[in-house]
1. Go through the range B:2-21 and count every residue that is within 10 Å of chain A (Cβ to nearest Cβ) and either within 37 Å of the chain's Cα centre (by Cα) or open to solvent by less than 40 Å² (accessible area, probe 1.4 Å) (or both).
2. Applying the selection to the range A:80-108, what residues are free of Cβ contacts under 8 Å to residues at least 60 places away in the same chain and more than 7 Å from chain B (Cβ to nearest Cβ)?
3. Quick one: is B:Leu359 surrounded by fewer than 16 Cβ atoms within 10 Å (Cβ to Cβ), more than 23 Å from the chain's Cα centre (by Cα) and at pLDDT below 95?
4. Pick out, from the range B:112-230, the strands (runs of 3 or more DSSP E) lying fully within it that include 1 or more residues that are farther than 21 Å from B:Ala84 by Cα and open to solvent by 10 Å² or more (accessible area, probe 1.4 Å).
5. Scan B:Leu290, B:Leu323 and give me the residue that is assigned to a helix (DSSP H, G or I), touching a residue at least 12 places away in the same chain (Cβ under 8 Å) and more than 17 Å from B:Thr21 (Cα to Cα).
6. Of (1) within 14 Å of chain A (Cβ to nearest Cβ); (2) farther than 30 Å from B:Glu289 by Cα, B:Thr57 satisfies all except one. Which?
7. Find all pairs meeting these conditions: Cβ atoms under 8 angstrom apart; at least six residues apart or on different chains; first residue within the range A:49-74 and among the basic types (Lys, Arg); second residue open to solvent by 30 Å² or more (accessible area, probe 1.4 Å) and part of a loop (DSSP other than H, G, I, E, B).
8. Could you run through the range A:109-122 and say how many residues are under 14 Å from A:Ala87 (Cβ atoms) and either in contact (Cβ under 8 Å) with a residue 12 or more places away in the chain or not in a helix (DSSP H, G or I) (or both)?
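The values are calculated or read from the model by the stated rules, or taken from the named source; none is laboratory data. Keep in mind the model is a prediction, meaning the values are calculated, not measured. Ideal geometry is used to build each Cβ from the backbone, glycine not excepted, and the neighbour counts take in all protein chains shown. In case anyone asks, the SASA skips ligands and DNA or RNA and just uses the protein heavy atoms, side chains included. Shrake-Rupley method; radii C 1.70, N 1.55, O 1.52, S 1.80 Å.
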Amino acid sequence: MSAPTLVSIRNVSKRYQRGKQSVEVLQNLDLDIGQGEFIALMGPSGSGKTTLLNLIGGLDHPSTGEIRVGSERIDSLSDGKLAKWRARHVGFVFQFYNLMPMLSAERNVELPLLLTSLSSAQRKRNVAAALTVVGLADRARHKPSELSGGQAQRVAIARALVADPTLLVCDEPTGDLDRHTADEILGLLQALNREHGKTIVMVTHDPKAAEYASRQLHMDKGALIDAGAINAA
Amino acid sequence: MKFFPLVWAGLWRKKLRTIFTLLAIVVAFLLFGMLQGVNSAFNATVEKANVNRLTVTSKINFTEALPYAYLTQIEAVPGVSAVAWFSWFGTYYQDAKNFVFSFPADPVRLFDMYPEYHIDKAQLDTFEHTRTGAVIGVELAKKYGWKIGDRVTLHSTIWTKADGTSDWPFDIVGTFEVPTDSSQANQFFFNHSYFDEGRSFGKGTVGWYIVRVSDPKLSAQVAIDIDKRFENSQDETKTQTEKEFQQSFLKQIGDINFIVTSILSAVFISLLFATGTTMMQSVRERIPELAVLKTLGFSNGRVLSLVLAESVLLCLIAAGLGLGLASLIFPALKNFIGVATLSRSVVATGVLFAVLMALITGLPPALRAQRLNIVDALAGR
């Protein structure tokens, strides 16, 4: 039985204006991502991986085409609605963690919950649970500067998870980590995918990192080289 | 309130910079509190002026004396219902910094002219019949611990006695209260006859006359009539309402309102630039962080509010500290301005200024944060 489609991308193109020049970063791209999949997006620099990730995560609008996540068509949402949609449905993990340096780990993790109607006590419970999932319950009061790279990335993952999003979007999540730590983080992402059923889309340059994914997609010059339909077989 | 920790943390991201900015604003609001407080105290005195009373001074300058002989002529002017007189005695107690507002006056006329000054009838009688008697406001009594029966010597910086000394002994025979304006209860009154007999010069003169008119509507005409009466004499007069007199008295010091406004405008304009630059720099440094907030789902409006809230919080804390310090220091000015507390209107205006300043300095960086494009900001463009 094939997994239901969570992300559906149809005929999506993205053009940027660089000075007087119009650069087409994505060209008529079609892609389906099934619920519960762990996708690794690979390709050389400038191939359009991050642009595609930004579109899937609702950070940007396509120039043409249609993007659906679940039942929502996100390409036509206004900036305000898209922000609300992101808060509800997407968790982001970045290469350089992008934690707030002046906030403790727990305050960083709490950030997405500030946009919900949860009470302070509920938020605290959810934050503690997310930090426990990533194995950092004992580092809750530490500031990012007091954490190692791997720990900081775990906090970032906890922040991405805490609001229980539909989709986790990770942009080079291990790009700044040594091999051993990277394996730990990838193992954690894999566990989140397998044990918690989280759909993950991860951009990576690292073939070893891509091996943790359930499907690898390769991009070049704004197009998918070997995108297959979900469970094509 | 749930966003407060985020705003607070953002404010203290660069501690040293925030402390310096905070100090600059604190100093500005301390200055505002002190200057505006003094200005406000002076204005309040003017506003409290009685509409029934006129002040007759020398046309040349209010420090020039007028002949005592004018009394009966002023009393004869139609519309005049009472006349009292005073002179500026210019004294201190023991040390030059212990300035005392002291005036020779006619006891009965004084308390008849100022019914708002409450004194015991028996004490007034004693005052009237004691040559060296003096009555003091309760605030002054409290300040120096003086009480009825005490003998107090004041040193006049203007008036020497016939023996060449300037120390004038007085016997405290009464105290008075001014429930409507406690700042008036720091005065020291004594018998004019004692003063006139004792002084080595200026005998037969008074500093100024206070005239009560039977009807405030007649004030303007009575003032004209009094001045006409002494026109072309050696001592021409200038008659003004109590309010006008107090305003012109303050103008002798300088146009306080103008001076205060000028100084504060310069301070606040400089501060706007300094704080505005700091806020811009603070937001510029945090562009990736603000982009992350937007990525997490913070709307443009929410990000704008957070930056503005930071600016408002900074300015309100600094204004609170500055105005608080001003409130603590202000009582030290009581001797000079007669008011011991910073008025609520000054504090309220200060808070309003703080919010206004926060919005002006916070809006440009807040708008920048609001317009931030997430993809560009995350990519460091």
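1. 9
2. Those that are free of Cβ contacts under 8 Å to residues at least 60 places away in the same chain and more than 7 Å from chain B (Cβ to nearest Cβ): A:Lys81, A:Leu82, A:Trp85, A:Pro101, A:Ser104, A:Ala105, A:Glu106, A:Asn108.
3. yes
4. Counting at least 1 such residues, we get B:151-156, B:167-177.
5. After ruling out the rest, the residue left standing is B:Leu290.
6. It is condition (1) that B:Thr57 fails.
7. Going by the 8 Å Cβ cut-off, there are no qualifying pairs.
8. 8
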